[in-house]
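Novice: Mind looking over this structure? Questions follow.
All of the numbers you see were taken from the coordinates with simple rules; none came from a lab. Since the structure is predicted, the reported quantities are computational estimates derived from the model, not experimental observations. Reconstructed Cβ throughout: ideal geometry from the backbone, glycine too, with neighbour counts over all protein chains shown.
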Amino acid sequence: MNDALDAEVIEILRATKNKIEAVKRIRERTGCGLREAKDRADRLWIEAGFPPPAVSDRSLLLILFLAAVVGALYAAWRARS
């Protein structure tokens, strides 16, 4: 890890609260992929004192729906056995 880059990105995050700018800076300076840069920006976001990203309502509804579908399929499978 590059401590100077991490400090620079934390400064960007505190000044702008913009993770996209942080990801861009990480990618420019390191040449890493989007996923790696986003993971690093997320880690630095928390180190900068911001709360971790919350699960959106839409994501939670999708998870609950999929759990219900899997449960129904399992129950139907058990009933046939």
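Novice: Can you name every residue in segment 25-37 that is without any contact (Cβ under 8 Å) to a residue 12 or more places away in the chain and either of a type outside the set (Gly, Ala, Ser) or in contact with a Gly (Cβ under 9 Å, 6 or more places away or on another chain) (or both)?
Specialist: Across segment 25-37, the qualifying residues are Arg27, Glu28, Cys32, Leu34, Arg35, Glu36.
Novice: If we only count helices (runs of 4 or more DSSP H) wholly inside the chain, which ones have 1 or more residues that are surrounded by 12 or more Cβ atoms within 10 Å (Cβ to Cβ) and not aliphatic (A, V, I, L, M)?
Specialist: 3-16, 19-30, 34-47
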